[in-house]
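Encoded as C-alpha cells, the structure appears first; notes follow it.
The values are calculated or read from the model by the stated rules, or taken from the named source; none is laboratory data. Computed from a prediction, not measured in an experiment: that's the story for all the values here. With ideal geometry, Cβ positions are generated from the backbone for all residues, glycine too; neighbour counts draw on all protein chains shown. In case anyone asks, the SASA skips ligands and DNA or RNA and just uses the protein heavy atoms, side chains included. Shrake-Rupley method; radii C 1.70, N 1.55, O 1.52, S 1.80 Å.
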Amino acid sequence: DANSPEALEIQNQGQLHVDYNGKMIPLSTVPSMFAGNNGKSKGTINRIALYYNHIYVVGNDKLHIFQTNESGISKSNPIKVDEGSETVYVDRNRLYVGSESMVRIYSLNNRSNPRLSSKVEHATSCDPVLAEGNIAYSTLRSVTNEGCTGTENVLMVLDVEQANRAKMIRSLDMRSPYGMALINNHLFVGEGLNGLTIFDVGTREKPKEVEQREDLVAYDVMAHPTDPNIIIMTHRNGLKEYYINWGDRSLVEVGSLQYR
C-alpha cells in the first residue's frame, strides 16, 4: 500500500510509483523504454506494440489485443502468457514476449489471435527483447533493488530463422543491460549507471563489442525519429540526445530534457 511504512521508506530514498488504486508498483515493472523503429534503426519497446491495425499490450500474465477501425477500438480475448512478462516486440509477422524466465515467439498469421510458435528459457532476470529477421537479442539483467532476481547480466543472441525452433546461439557477459537500439549495423545497449556499450553487428549473429562509455547514464536508447545520426537515451532524470560520429563512434551531447 502506498501509505505503508515500506512504501514511505522507498519514497524517502527516491521515487515511489503507484497505480490508480494507490497501490505501489514494483520498480522493475515501471515502463522505462520506448519504441524506436525508423528506417534502418530498431529499438526496444516495453509493454505496447503496434502492428498494422492491431495493438498488443503485455500484462503480468496476459497479452491484451486491440484492433483499430473507423468506428474506434475493439478488444479481442486476451491470451495467457508467462507470469512475469515484461516486454513485447513485433518483427516480420512475429510477436516476441520477454518475461522473467523466457522469450516466447508467436505467429501473427492471425493478428487477432497470436499462436505460440516456440520459446527459449533463460535464467530468472529482467528481460527486454529486440528482433530483426533471423536474429533476436535479449538482455538479461539482475539488479536486486529493482526486483530483478537471479545472477545473470548478459546479452543473449537467439537464432529465430525457424520460429518453431528458436534457440540461443551466443551469450555475452555484461554489467547491467537494459534497453537496446539497432542503428546502422551497431547495437547500442544501455547499462544504466554502468554506461553505454556499443556492439558491431555487421554480422548479426556475432556481436563484437567496440565501445564502452562509462561516463554516461543510459537506461534505454533509441534512434532519433528523423535523424539517424542522433541517439536518444533515458537517464535518471530525463532524456539526452547525442550526435553519433560514426568514424570513431564518439558521442556529442546536443540536447536534453529534464523531468519535473
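Values for this structure:
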| read-out | value |
| --- | --- |
| GNM top mover of Asn110, Asn164, Asn229 - the chain, alpha-carbon springs below 10 Å | Asn110 |
| Solvent-accessible heavy-atom area per residue, rounded to whole Å², over the range 154-260 at 1.4 Å | 49 |
| Simple label model, 7 Å out from Cα along Cβ direction - Arg170 to Lys23, nm | 4.2 |
| Fluctuation leader among Ser76, Ser99, Ser85 - the chain, Gaussian network, Cα springs under 10 angstrom | Ser76 |
| Links that overshoot a 22 Å alpha carbon limit, given the list Lys62/Lys240; Lys80/Lys119; Lys167/Lys208; Lys23/Lys80 | Lys62/Lys240; Lys23/Lys80 |
| Chain lengthening between Asp215 and Asn185 when straightened (0.36 nm per residue, less Cα-Cα) | 8.5 nm |
| Area accessible to solvent at Arg115, 1.4 Å probe radius, in Å² | 150 |
| Highest-MSF residue in the chain out of Thr151, Thr139, Thr87 [GNM, Cα springs under 10 Å] | Thr151 |
| Anisotropy class of the range 190-254 from Cα gyration tensor, a/c 1.5 cut | oblate |
| Helix-only CD estimate at 222 nm, as mean residue ellipticity for the chain, using -39500 (n - 2.57) per DSSP H run (n ≥ 4) | -1000 deg cm²/dmol |
| Cα gyration tensor category, rounded, prolate or oblate, for the range 120-246 with a/c compared to 1.5 | oblate |
| Interchain or long-range residues, amide H under 5 Å from Gly192's placed H | Tyr178, Ala218, Tyr219 |
| Accessible-area composition of the range 61-209, carbon plus sulfur, in percent [1.4 Å probe] | 41 |
| Karplus-derived 3J(HN,Hα), 6.51/-1.76/1.60, for each residue of the range 72-81, Hz, glycine and proline x | x, 10, 10, 10, 8, 5, x, 10, 5, 10 |
| Prolate/oblate/rounded call for the chain, Cα gyration tensor, a/c under 1.5 rounded | rounded |
